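Structure, as structure tokens:
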Amino acid sequence: MTKGTVSGVIANMVTLKVDGPVKQGEICYIETGGDRLMSEVIKVVGSDVYVQVFESTRGLKVGAVAEFTGHMLEVQLAPGMLSKNFDGLQNDLDKMDGVFLKRGQYTDPLDRERLWDFEPIVKQGDEVRGSDWLGKVEENSQPLKIMAPFQMEGTARVKSIVAAGQYKVDDVIAVLEKENGEEIKVTMVQRWPVKFAMTNYKQKPRPFKLLETGVRTIDTFNPIVEGGTGFIPGPFGTGKTVLQHAISKQAEADIVIIAACGERANEVVEIFTEFPELVDPHTGRKLMERTIIIANTSNMPVAAREASVYTAMTMAEYYRSMGLRVLLMADSTSRWAQALREMSNRMEELPGPDAFPMDLGALVANFYGRAGYVYLNNGEVGSITFIGTVSPAGGNLKEPVTENTKKVARCFYALEQERADKKRYPAVNPIDSYSKYLEYPEFAEYISKKINDKWIPKVLSLKTRMQRGKEIAEQINILGDDGVPVDYHVTFWKSEIIDFVLLQQDAFDEVDAVSSLERQEEIMDIVTSVCEHEFNFSHFEEVTDFFKKLINLCKQMNYSPYKTQQYEDYKNQIKEMLQ
């Protein structure tokens, strides 16, 4: 086993002199004052090795001994992770003593004593490959698969498998035999290095299936698909967290993973306190039962902040291998990029724009590329839908993290301070935001079967009307109400009815918080009929009065339970106004 001694300390970056081979990304432990500090190799230059310590290096002295483990940063994957709170190194935060983990303290992420009701899927003599399903257990009503080791190469024969019954995660549930006679003992626990993507699937096609979130500005205007990628940039106070909660609660996903990367402590506390109270609208039970939270606050060392998003993504890949739909929300990837910048600066690498690493674009692309919709080796499908938030300084959407993320994420939900100030929530700018999935022929084919073939043309038409309404609003602000023709006022108010009725949504109203796709289609048809209607007004004041009444009726319809008499009454009144 390779060992080393400390030759230099700069904050959390430590230089070691080693006596043997080490590899990039390898984990080592440095002994200091009775503590073992976990570290990761980030640079190797001859016998000098630079490591990034995941904890405080206070008191660390030159000459301290380090021992290398021979493996990279890994997570343990097994039943028992749902409804848990972890940090970026997969320490179980519910097991720690006090408010913070003490330096050198690591907690076991799994419950080793819990018994699981295991049921075999394969039988003795069957041939299996790496990640093939061997059996199943159930956790919080979620069916989980126990798989052959991910790292196993080639095929193996099932030499033995236990009968249905109760077992611990460390119990041997199967023995596999390779062609050369090698035996592999399989437990419920898997290990995987977090910075390597799992490729245990047969095919990764372009995603096409709409992911329903119940949020109209997303589902109708800028849809995201199962296995798709999106990001939400926006300044402080524009509603990023509320929008994330709404998507997490309402989206059609089996597993939800929240990665709080480098957030302020008060925001992480909000997640820990508010998320367990959210009710799952699909089951009526607590959403936390199918949720995992990975939290690293901004006062933690940069290496731990960087690791948190990779840990979350690896967990998501684990559940995708079971044929489950996973929704991964990261808040915020800006803090992850800032951690990368700090590490790059300490290694004195050539800086890119705003001192971020030169390869920031490649790092972001590689990470986003791990999401996707896949066909597993057994023909089943699984997906990871990834939505990250970006916190650009001063709301500047031209800074490097936002720009590099726009190149790889297919959906862009730009939260706007002006809309938030006007209380137009969700504060997603309908003009700057986009979904590239609207251009995919696979998505168009799916939507034509799911809804109808006129749905996408209607969406594009409404987007055009919103753009035209914005241009006219600017003219009215400059020239005044009497300075533009009445037809301009009509066009402007048609864009306003799209905004008020379709795009604005009350996340705290019991009815309006969630809109089914069927209801969204009906609302869009009503709004489209208003926009296509030819009005004949003589003065702009008539236009204003008419549309204010119409908007009020439409909003009351949104607050009414779907298909009830109250809902139908409001809909009929709208039709009468258009006669």
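Across the options H533, M557, L517, the greatest Cα extent toward the positive end of the charge dipole of segment 508-579 (unit charges at beta carbon of Lys, Arg, Asp, Glu) belongs to M557. When a/c is below 1.5 the answer is rounded, else prolate if a/b is larger than b/c, else oblate, so apply that to segment 320-420 with a ≥ b ≥ c taken from the square roots of the Cα gyration tensor eigenvalues. Judged from the Cα gyration tensor, segment 320-420 comes out oblate (a/c at least 1.5, b/c at or above a/b). Accessible surface area normalised per residue over segment 520-579 is 54 Å², counting heavy atoms of protein chains with a 1.4 Å rolling probe. Applying a threshold of 24 Å to the alpha-carbon distances of K145/K168; K407/K463; K84/K123; K23/K195; K95/K145; K436/K470 flags K84/K123; K95/K145 as lying beyond it.
Once you charge only the Cβ atoms, +1 for Lys and Arg and -1 for Asp and Glu, what is the size of the charge dipole of segment 421-468 about its Cα centre, to the nearest 20 debye? Don't skip to the end; give the middle numbers.
Details: 11 positive and 6 negative charges, 73 e Å.
So the dipole magnitude of segment 421-468 works out to roughly 360 debye.
Seen from D170, the other residues with C-beta closer than 15 Å to its C-beta sum to a net charge of +1, counting Lys and Arg as +1 and Asp and Glu as -1.
The portion of the accessible surface of the chain made up by carbon and sulfur, rounded to a whole percent, is 49 (1.4 Å probe; DNA, RNA and ligands excluded). Ordering A174, I121, V186 by the projection of their Cα atoms onto the charge dipole of segment 76-198, which places +1 on the Cβ of Lys and Arg and -1 on the Cβ of Asp and Glu, puts V186 at the extreme positive end.
Net charge near I247, counting Lys/Arg +1 and Asp/Glu -1 over other residues with Cβ under 12 Å of its Cβ? Please report the intermediate quantities before stating the final value.
On the way: positive: K240, K249; negative: E212, D219, E252, D331.
Counting the neighbours of I247, the net charge comes to -2.
Treating the angle as unsigned and between 0 and 90°, give the value, to the nearest 10°, between the Cα long axis of helix 302-320 and the longest Cα principal axis of the chain. Approximately 80 degrees, to the nearest 10. By definition, a body whose alpha carbon gyration tensor gives a ≥ b ≥ c is prolate when a/c is 1.5 or more and a/b is larger than b/c, and the chain fits this prolate description. Rounded to the nearest 20 Debye, what is the dipole magnitude of the chain about its Cα centre when Lys and Arg each give +1 and Asp and Glu each give -1 at the C-beta? Charge dipole, the chain, about its Cα centre: 980 debye, nearest 20. Overall shape: oblate for segment 439-579, with the ratio a/c of the largest to smallest alpha carbon gyration tensor axis at 1.5 or above and b/c at least equal to a/b.
Which percent, to the nearest 5, of DSSP beta bridges fully inside the chain are antiparallel? Taking every DSSP beta bridge within the chain, about 70 percent pair in antiparallel fashion. For segment 132-265, the solvent-accessible area works out to 36 Å² per residue, with a probe of 1.4 Å and every protein chain left in place.
Can you show me the helix-derived [θ] at 222 nm for the chain, built from DSSP H runs with n ≥ 4 at -39,500 (n - 2.57) apiece and divided by the number of residues, rounded to the nearest 500. Could you put the intermediate results ahead of the total?
Working: 13 runs with 172 residues, N = 579.
About -9500 deg cm²/dmol.
Ordered from largest to smallest accessible area (heavy atoms of protein chains, 1.4 Å probe), the residues D126, D280, D111 come out as D111, D126, D280. With coordinates expressed along the principal axes, the C-alpha atoms belonging to segment 1-142 extend over 55, 41, 19 Å, beginning with the largest.
For the chain, the longest principal axis of the Cα atoms and the long axis of helix 455-479 meet at an angle of about 70 degrees.
Relative contact order of segment 74-153: what whole-number percent is it, with Cα pairs under 8 angstrom and at least 6 residues apart?
Details: 94 pairs, mean separation 18.5, N = 80.
It comes to 23 percent, rounded to a whole number.
With charges only on Cβ, +1 for K and R and -1 for D and E, what is the dipole size of segment 450-533 about its Cα centre, in debye, rounded to 20?
Using only the charged Cβ atoms, the result is roughly 440 debye.
Selection among A260, Q203, F275 by position relative to the dipole of segment 197-330 gives Q203 as farthest towards the positive end (Cβ unit charges, Cα centre). What longest range of the chain stays clear of loop-exposed GluC sites (Glu not before Pro) (DSSP non-H/G/I/E/B, at most 16 other C-beta within 10 angstrom)? The answer is 381-509. Against the main long axis of the alpha-carbon atoms of the chain, helix 333-346 sits at an angle near 40°.
Here segment 198-312 was treated as a single set of alpha-carbon atoms; its pair distances binned every 10 Å from 0 give 12, 38, 37, 13, 0 percent. Computed over the chain, relative contact order equals 12 percent, with contacts defined as Cα pairs under 8 Å that lie 6+ residues apart.
The values are calculated or read from the model by the stated rules, or taken from the named source; none is laboratory data. Predicted model, so just to flag it, every value in this text is computed and none were measured. For neighbour counting, all protein chains shown are included, and Cβ atoms are generated from backbone atoms with ideal geometry for every residue, glycine included. Heavy atoms of the whole protein, side chains included, go into the accessibility calculation; ligands, DNA and RNA do not. Shrake-Rupley method; radii C 1.70, N 1.55, O 1.52, S 1.80 Å.
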